[in-house]
Amino acid sequence: VVTADQADNVNAGPQSVPEKFVIIDGERIRLNDIQTIEARQHHVHVTFSGSQKKLRARRGDIVAQTAPSDGIQTHRSWWVARHVAEQLDTSPEGKPTLKVRGDLHVPVARTRIDEVTSWAEEHLRDVSPTKKAAE
């Protein structure tokens, strides 16, 4: 039996990693295409490279389909994909943020700063200013 993920990767070669997908509002979306997910009321705004979709879903249901190595929930309303996360930073107001490719700064909740810092130390190259501020 070949799973849908295996069927999509049949010609990908012996050392390739199976592609991951998430289901959002009944739509199957490649996890590598997603950059950020922001929850707003009863919808999520899913950002892709150069586009965004507004879908009726719960952020928690989407995040439950991911692994820590895929990305991080920085705030109750935000999830950031690992492949676009660049570094921990601080806003001009001194609040912790996670800088994302494209110069977006996603908020990091005070209650999540330790978890996001640990995740960044494991998955990102540059863990600068916020780590020092948290110590």
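The values are calculated or read from the model by the stated rules, or taken from the named source; none is laboratory data. All of these numbers come straight from a predicted model, not from anything done at the bench. Don't worry about glycine lacking a Cβ; one is built from the backbone with ideal geometry, like all the others, and counts go over all protein chains shown. Just so you know, the surface numbers come from the protein's heavy atoms only, side chains and all, with ligands and any DNA or RNA stripped out. Shrake-Rupley method; radii C 1.70, N 1.55, O 1.52, S 1.80 Å.
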Taking strands (runs of 3 or more DSSP E) that fall entirely within region 26-126, which contain at least 1 residues that are open to solvent by 30 Å² or more (accessible area, probe 1.4 Å) and touching a Pro at 6+ places or on another chain (Cβ under 7 Å)?
-> 71-75, 78-81, 85-90
Single residue of Arg101, Arg82 found to be more than 15 Å from His45 (Cβ to Cβ) and at pLDDT 95 or above | Arg82
Looking at region 121-130, is at least one residue at pLDDT 95 or above and either among the hydrophobic types (A, V, I, L, M, F, W, C) or touching a Cys at 6+ places or on another chain (Cβ under 9 Å) (or both)?
-> no
